[in-house]
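Undergrad: Sharing a structure with you now.
The values are calculated or read from the model by the stated rules, or taken from the named source; none is laboratory data. As the structure is a prediction and not an experimental result, all values here were calculated from the model. When we count neighbours, we look across all protein chains shown, and the Cβ atoms used for this are built from the backbone with ideal geometry, even at glycine.
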Amino acid sequence: MSIDKVTKQNGQLLASVISFSLDLQSGIPTYLQLVQQVEAALSLGYLVEGDQLPTVKDVVSSVAINPNTVLKAYRELEARGIAAGRPGVGTFIVASPSVITQKKLTALRESLINGWLREAKKSGLPPKAIVALFNNAISEMADPNSISTNL
């Protein structure tokens, strides 16, 4: 996922574009990867209420997936109360979670890099194993009752 925000002009945001990327080996359904990327962008403050998501046609052409997959992702975002479609106009973010400050995000990122990630690398874990371990830990944190040893 990448975010490209155009600067403001007369107090108005001219454009906000999220570019999706897919990991076909992740085991996560494609539509959920799109949903997760929008949620991550919201959590990090890259997308805010009122921002427009790319059109289905734009997503299909950029990541080469079925239009129904994009529609399913956008419907899921609507069901979660995150986005709303406006016929003939597009899909827009309608709710934003509270985000932490950029200063706090930077501090957390530095702590992650200089702590756990550096230690994992020193231990000899390749990047894919680090990601798998991190995702496993996140899953366990989200649902402590489903402790899994599967990486």
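Undergrad: Which of the residues belonging to the stretch 73-93 are charged (D, E, K, R) and not in a helix (DSSP H, G or I)?
TA: Selection gives 80, 86.
Undergrad: Oh, and also: So which residues in the stretch 78-100 are of a type outside the set (Gly, Ala, Ser) and out of contact with any helix residue (DSSP H, G or I) (no Cβ under 9 Å at 6 or more places or on another chain)? Full working, then the answer.
TA: From the stretch 78-100, those of a type outside the set (Gly, Ala, Ser) are 78, 80, 82, 86-87, 89, 91-94, 97, 99-100; that's our starting set.
Selection gives 78, 86, 87, 89, 92.
Undergrad: Further, regarding this structure: Go through the stretch 45-67 and count every residue that is free of Cβ contacts under 8 Å to residues at least 12 places away in the same chain and surrounded by fewer than 16 Cβ atoms within 10 Å (Cβ to Cβ).
TA: Here the count works out to 6.
Undergrad: May I pose another question? Which of the numbered conditions does residue 111 fail, given that it passes all the others? Conditions: (1) of a type in the set (Gly, Ala, Ser); (2) in contact with a strand residue (DSSP E or B) (Cβ under 6 Å, 6 or more places away or on another chain); (3) not in a strand (DSSP E or B).
TA: Tallying (1) of a type in the set (Gly, Ala, Ser); (2) in contact with a strand residue (DSSP E or B) (Cβ under 6 Å, 6 or more places away or on another chain); (3) not in a strand (DSSP E or B), residue 111 fails exactly one: (2).
Undergrad: Here's something else I'd like to know. Could you list all residues from the stretch 101-138 that are of a type outside the set (Gly, Ala, Ser) and surrounded by 13 or more Cβ atoms within 10 Å (Cβ to Cβ)?
TA: 105, 116, 117, 121, 125, 130, 131, 133, 134, 135, 136
Undergrad: Continuing with the same structure: What is the residue count in the stretch 87-100 for residues that are more than 17 Å from the chain's Cα centre (by Cα) and either surrounded by fewer than 10 Cβ atoms within 10 Å (Cβ to Cβ) or aliphatic (A, V, I, L, M) (or both)?
TA: Adding up the residues that qualify gives 3.
Undergrad: Which pairs have Cβ atoms under 6 Å, sit 6 or more apart or on different chains, and link a residue in the stretch 112-127 that is at pLDDT below 90 to one that is of a type in the set (A, V, I, L, M)?
TA: Listed pairs, sorted by first residue: none to list.
Undergrad: Just checking, how many residues over the stretch 68-81 are without any contact (Cβ under 8 Å) to a residue 40 or more places away in the chain, surrounded by fewer than 13 Cβ atoms within 10 Å (Cβ to Cβ) and not hydrophobic (A, V, I, L, M, F, W, C)?
TA: 2
Undergrad: While we're on this one: If you go through the stretch 24-44, how many residues are of a type in the set (Phe, Trp, Tyr) and either outside any helix (DSSP H, G or I) or touching a strand residue (DSSP E or B) at 6+ places or on another chain (Cβ under 8 Å) (or both)?
TA: So the count comes out to 0.
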